[in-house]
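Written out below as structure tokens is the structure these notes cover.
The values are calculated or read from the model by the stated rules, or taken from the named source; none is laboratory data. Everything quoted here is computed from the prediction, not taken from an experiment. Ideal geometry is used to build each Cβ from the backbone, glycine not excepted, and the neighbour counts take in all protein chains shown.
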Amino acid sequence: MVQIANEKQKPVEASSKIRQLQLGGHVGFDTLPDQLVNKSVQNGFAFNILCIGETAIGKSTLMDTLFNTNFGSTPSPHNLPNVKLMAHTYELQESNVRLKLTICDTIGYGDQVNKADSYKALVDYVDSKFEAYLQEELKIQRSIGTAHDGRVHACLYFICPTGHGLKAVDLVCMKQLESRVNIIPVIAKADTISKAELAGFKKRIMDELHRNKVNIYQFPTDDETVSETNESMNEQLPFAVVGSTDFVKVAGKQVRARQYPWGSVHIENETHCDFVKLREMLIRTNMEDLREVTHQRHYELFRQRRLQEMGFVDVDSNNQPVSFQKTFESKRSDHLASLQAKEEEVRQMFVQRVKQKENELKDSEKELHSKFERLKREHLEEKAKLEESRRLLEEECQELQRRRLQVANGNQTLSRKKK
Ligand SMILES: Nc1nc2c(ncn2[C@@H]2O[C@H](COP(=O)(O)OP(=O)(O)OP(=O)(O)O)[C@@H](O)[C@H]2O)c(=O)[nH]1
Ligand SMILES: [Mg+2]
């Protein structure tokens, strides 16, 4: 289909300008898909996996098994008060394709007595990666093509091989994450469940997810080259996986296996476990779909929510389109108005405070003054009293003096008479 632009005409409906034309010969734009592939290969790919599962459920072993390498992870502590997340990024290369792989593991998941808040750290992690991407998108000078995309493309949820069903924490966590990430539940350490129990266990898990309306990632069935395989794989979820870092020799070939006194589990043997199915679906068939769904569905939802929170809308109350600039201008004037109102409020509060303080000072001045007056009065009264007692004392002294003289005179008269 070729679009012919007519510069002189005024803009008209796009559909009326598009005509189908035959090419006279080979032009060359049929190489576009190849150009796209070359460009992508040159840039390399990023893929991020979030592994959620209890301590020692086999997360690291499964990652080593999936990517056929040793990521060198160490066992996590199991006595943490909260769930934590630890992410590591690796550069891998297969043929000429470079993959920047980030594996984020939960630490201490399911170890707390109260597990009600276990999902929070996970939701925060996923949202923080979306937020970082959104902030990069909103920058004036963006580096989306080159900046590392940390958004979670696949979330492997490791279910304990109890043989019974899901735990409450599994349902709560998956429900919180379903609109944020592509959840792929896997039954961990599936070699611990018998073949007969496994079918019932898988069915119970899917029934519980269904009953609680938890949406997990469905392998896409719209591409006819893979629709049949993906459809049949969707019916076999959750995959029962076994991981191992050990190898045994089978028919002259080294294969990954777990050895037991009664025999061995061959990881890549489809009659032993679903590991191959998981690797096929996660890496070989649907890796690009997982990246696309993350960008087009989960990130889009996050972006919508965040922009709405920031006050942006596409149409106004009259269903008329609202431009970004218009929203920005109105937000700016709202912001300025609210700033002014806040400034006025602060000013009023300051004036009121000053008045209040002045009144308080006046009151305390009055109080001090009256206290001073009272003290002065008391002092004068005290002084008068003291003056009075002094006067009385002096009178008493004089009286005493007078009597003493009298006594002395009396004594003289008496001695003269005796003579
Ligand atoms: N039976 C069985 N054991 C397994 C399987 N996968 C791993 N293990 C064993 O389980 C133990 C813990 O495995 P890890 O892979 O370290 O588990 P993890 O979930 O990464 O552990 P943390 O990171 O410490 O939480 C090791 O002894 C593994 O050999 C499995 O599929 N089946
Ligand atoms: Mg680990």
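Give the residue, chosen from LEU361, LEU386, that is among the hydrophobic types (A, V, I, L, M, F, W, C) and within 60 Å of the chain's Cα centre (by Cα).
Matching residue, one of LEU361, LEU386: LEU361.
For the subset of the range 23-53 comprising residues that are more than 16 Å from ligand 1 (Cβ to nearest atom) and small (Gly, Ala, Ser), which member is surrounded by the most Cβ atoms within 10 Å (Cβ to Cβ)?
Result: ALA46.
If you go through the range 106-121 one residue at a time, do you hit one that is outside any loop (DSSP other than H, G, I, E, B), more than 13 Å from ligand 1 (Cβ to nearest atom) and farther than 23 Å from VAL241 by Cβ?
Yes, because at least one residue in the range 106-121 is outside any loop (DSSP other than H, G, I, E, B), more than 13 Å from ligand 1 (Cβ to nearest atom) and farther than 23 Å from VAL241 by Cβ.
Residue under question is LYS249, and the condition is that it be in a helix (DSSP H, G or I), away from ligand 2 (no atom under 16 Å from the Cβ) and not hydrophobic (A, V, I, L, M, F, W, C); does it hold?
Here the answer is no, as LYS249 does not meet what is asked.
From the list SER333, SER364, SER415, SER370, pick out the single residue that is under 30 Å from LEU138 (Cα atoms) and among the hydroxyl-bearing types (Ser, Thr, Tyr).
The match here is SER333.
Looking at the range 94-114, which of the residues that are within 16 Å of ligand 2 (Cβ to nearest atom) and not β-branched (Val, Ile, Thr) is surrounded by the most Cβ atoms within 10 Å (Cβ to Cβ)?
TYR109
Return the residues of the range 286-305 that are more than 15 Å from LYS129 (Cα to Cα) and surrounded by 15 or more Cβ atoms within 10 Å (Cβ to Cβ); say none if nothing qualifies.
Scanning the range 286-305 gives ASN286, MET287, ASP289, LEU290, VAL293.
I want to confirm something. Restricting to the range 45-82 and keeping residues that are farther than 16 Å from VAL242 by Cα and more than 14 Å from ligand 2 (Cβ to nearest atom), which single residue is farthest from the chain's Cα centre (by Cα)?
PHE45
Quick one: would you say TYR157 is over 27 Å from GLU288 (Cβ atoms) and of a type in the set (Phe, Trp, Tyr)?
no
Which ones in the range 54-91 are assigned to a strand (DSSP E or B) and either loosely packed, with under 15 Cβ neighbours inside 10 Å or near ligand 1 (Cβ under 8 Å from one of its atoms) (or both)?
Within the range 54-91, MET86, HIS88, THR89, TYR90, GLU91 qualify.
Quick one: which of LYS203, LYS195 is within 16 Å of ligand 1 (Cβ to nearest atom) and free of Cβ contacts under 8 Å to residues at least 12 places away in the same chain?
Going through LYS203, LYS195 in turn, just one is within 16 Å of ligand 1 (Cβ to nearest atom) and free of Cβ contacts under 8 Å to residues at least 12 places away in the same chain: LYS195.
Inside the range 179-215, can you point out the residues that are under 29 Å from the mean Cα position of the chain (by Cα), more than 25 Å from ASN269 (Cα to Cα) and surrounded by fewer than 20 Cβ atoms within 10 Å (Cβ to Cβ)?
SER179, GLU208, HIS210, ARG211, ASN212, LYS213, ASN215
Name the single residue, out of those in the range 199-237 being of a type in the set (A, V, I, L, M, F, W, C) and not in a helix (DSSP H, G or I), that is farthest from VAL172 (Cα to Cα).
VAL226
Matching residues to (1) at pLDDT 85 or above; (2) exposed (fewer than 10 other Cβ atoms within 10 Å of the Cβ); (3) under 30 Å from GLY150 (Cβ atoms):
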position	(1), (2), (3)
GLU309	yes, yes, yes
VAL313	no, no, yes
GLN325	no, yes, no
SER330	no, no, no
ALA341	yes, no, no
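Filter the range 226-258 down to the residues that are at pLDDT 90 or above and among the basic types (Lys, Arg), then identify the one that is nearest to ILE283 (Cα to Cα).
ARG256
Among the residues of the range 29-84, which ones are in contact with a Gly (Cβ under 8 Å, 6 or more places away or on another chain), hydrophobic (A, V, I, L, M, F, W, C) and more than 22 Å from VAL181 (Cβ to Cβ)?
Within the range 29-84, LEU80 is the sole residue that qualifies.
Could you figure out which of (1) under 38 Å from the mean Cα position of the chain (by Cα); (2) modelled with pLDDT of 90 or more isn't true of HIS266?
(1)
Working only within the range 319-344, note down all residues that are of a type in the set (Val, Ile, Thr) and under 30 Å from the mean Cα position of the chain (by Cα).
THR327
Could you give every pair whose Cβ atoms fall below 6 Å, whose first residue belongs to the range 164-181 and is on the phi < 0 side of the Ramachandran plot, and whose second residue is assigned to a loop (DSSP other than H, G, I, E, B) and not aromatic (Phe, Trp, Tyr), counting only separations of at least 6 or pairs across chains?
VAL169/LYS115; LEU171/ASN212; MET174/VAL214; LYS175/VAL214; GLU178/VAL214; GLU178/ASN215; VAL181/VAL152
Would you be able to say whether some residue in the range 149-163 is out of contact with any Asp or Glu (no Cβ under 7 Å at 6 or more places or on another chain), part of a helix (DSSP H, G or I) and not charged (D, E, K, R)?
Within the range 149-163 (the criterion being out of contact with any Asp or Glu (no Cβ under 7 Å at 6 or more places or on another chain), part of a helix (DSSP H, G or I) and not charged (D, E, K, R)), the answer is no, since none of the residues qualifies.
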